[in-house]
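Read-outs: derived from the displayed coordinates by stated rules, not from any lab. Bear in mind that the values here come from a model prediction, so they are computed numbers and not experimental data. Here the Cβ is made from the backbone with ideal geometry for all residues, glycine too, and neighbour counts use every protein chain on show.
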């Protein structure tokens, strides 16, 4: 992963010192809360219901063991000994005190961690495929380009105060695990007819109260020109994006209002002005960045030994369930990609305790070259685990409640903090998620249902991407009462599609039962081992609507 140099650390320290003075002035009453708000937001500091929340940047989801231990340390010293993984691959601390933030940031900086641009109307954390660099379907590794764009965007003076927040995702594989269509800008790796590297550029995606999937702006932009193209896109948005209405300020609204062709013309016109001051990437620039992401020193394994080992381990049904659900094929023979589930009945989805972070750091050093990735699904990935070590790893994970074999099942719920913490939320998310997990706690039943995504958001901001779930749940306020709207048919990846609202919303107590009716309807109509999303596509939403609402009528 990228290693900070002296210049990086100096810039980080300068930003930290400036923010420390801003905090001091706010506490002393010399900087009003109103004037302090945009400054603290660009440092990832929110004022939430219970306490301030600090969002820590995890660029494209990568962390090393030292950083994990630092996160464990700050969670113990400045929070309640746990932290939360977001769908943007970042880390949130929900119980910090403003006066402690300077010390917290100083501790983070020692491990090259910070909170800069994790909020505010600027370019947010760059996200990517959590399997980047190890996926078998990868066209090329997107991480060097993620880092190039991170460095370009961090502290960019022209784009510090955009009309609204701005999100970029980059995918290097055929399967779009970075969900590029749901971002302001999505970049997908591709090769032209000469096998030269470049990106398909998607623009105008986003969820929230107006969910829109992005449109293709260009089918191929050479890798050397990507910063110029991004600059042109964001400059057009900065010039013409709405600033009078925050609900209409996202780039998706601009693209939709003028159309993708007109937007493309404006981008091309802007490129004419940019080219005399081009940020064209040289071969040396790209090669130097690639050097930060070398392939690890993979071991060679005897095929016969691997086969015998696999036969022995698969005799344990519990391990076999975990292997089938929580590990994926690696591009290197003899290795697997392992996902550690943060979804169990003992904690909110995506929460991880300090002691678990320390265990994961130890296991990463022992089994996966000392690195991990956070995921959009609010889990953690060990990307390079030898097959011969899987059984040993699994046994260690069981001790720390990190071996739940439920990845991709109905229990692998994405859930925002909701009304328990967030000042924007209309309804609770975590209690509903835990009740659904309890309803489907029979793993044999969950396995019978197969691949099935269920996401819960506490408000229209859609932090949990409920629009992209097979079953999406949205908390809404009805005259001071919490209700939940359900949507069906969403999907992320290849393809990505938005779910459709099933009908009128339900009280919280009714939601687990309604989900059970939806599941039973799926089981009655599916053919063979057909996935939920495929059954839904074949029979349509009307069948589910009838099953849910007809008994009431």
> Relative contact order of the range 303-399: what whole-number percent is it, with Cα pairs under 8 angstrom and at least 6 residues apart?
Replying inline: 29
>> With a cut-off of 8 Å between alpha carbons and a minimum separation of six or more residues, what is the relative contact order of the chain in percent?
In response: 12
> Where the centre of each part is set by its Cα atoms, how far does the range 499-542 sit from the range 366-439, in angstrom?
Replying inline: 24
>> As an exercise, use a Förster radius of 30 Å and the Cβ-Cβ distance of residue 523 and residue 320 to find the FRET efficiency, rounded to the nearest 0.05.
In response: 0.80
> Going from the alpha-carbon gyration tensor of the range 134-290, what semi-axes, largest first and in whole Å, does one get by taking the root of 5 times each eigenvalue?
Replying inline: 25, 18, 15
> Ordered by packing density, taken as the mean number of other Cβ atoms within 10 Å over each peptide's residues, highest first, how do 274-284, 314-324 rank?
Replying inline: 314-324, 274-284
> Taking a quarter of the surface of the convex hull around the Cα atoms of the range 414-549, what do you get in nm²?
Replying inline: 7.9
> Just one of (1) 20, 50, 27, 2, 0; (2) 21, 56, 22, 0; (3) 19, 49, 26, 7, 1, 0 is P(r) over Cα pairs in 20 Å bins from 0, in percent calculated from these coordinates, so which is it?
Replying inline: (2)
> Counting other C-beta atoms within 10 Å, which of 221, 27, 360 has the fewest, and how do the rest follow?
Replying inline: 27, 221, 360
> How much length is gained if the chain between residue 7 and residue 260 is pulled fully straight, taking 0.36 nm per residue apart and subtracting their Cα-Cα distance, in nm to one decimal?
Replying inline: 87.1 nm
>> For the chain, what does the helix formula give at 222 nm: sum of -39500 (n - 2.57) over DSSP H segments with n ≥ 4, over the residue count, nearest 500 deg cm²/dmol?
In response: -11500 deg cm²/dmol
>> Quick check: Cα centre of the range 1-80 to Cα centre of the range 294-359, how many Å?
In response: 33
> Distance in nm between label sites at residue 238 and residue 284, each 7 Å beyond Cα in the beta-carbon direction?
Replying inline: 2.8
> With labels modelled as points extended 7 Å from the Cα through the Cβ direction, what inter-label distance (nm, one decimal) is found for residue 77 paired with residue 299?
Replying inline: 3.6
> So how long is each side of the range 286-416 along the principal axes, counting just the alpha-carbon atoms, biggest first, in Å?
Replying inline: 45, 39, 25
> For the residue pair residue 307 and residue 497, what label-to-label distance in nm results when each label sits 7 Å from Cα along the Cα-to-beta-carbon direction?
Replying inline: 4.1
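If R₀ is 41 angstrom, what is the calculated FRET efficiency for the pair residue 272 and residue 37, using the beta carbon separation as r and rounding to 0.05? Show your work: numbers first, answer last.
Working: r = 37 Å, r/R0 = 0.91.
Using R0 = 41 Å, I get an efficiency of 0.65.
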> Going by the alpha-carbon gyration tensor, a ≥ b ≥ c the square roots of its eigenvalues, is the range 361-411 rounded (a/c under 1.5) or, if a/c is not under 1.5, prolate (a/b greater than b/c) versus oblate?
Replying inline: oblate
> Which whole-angstrom value gives the distance between the alpha carbon centres of the range 449-485 and the range 243-293?
Replying inline: 32
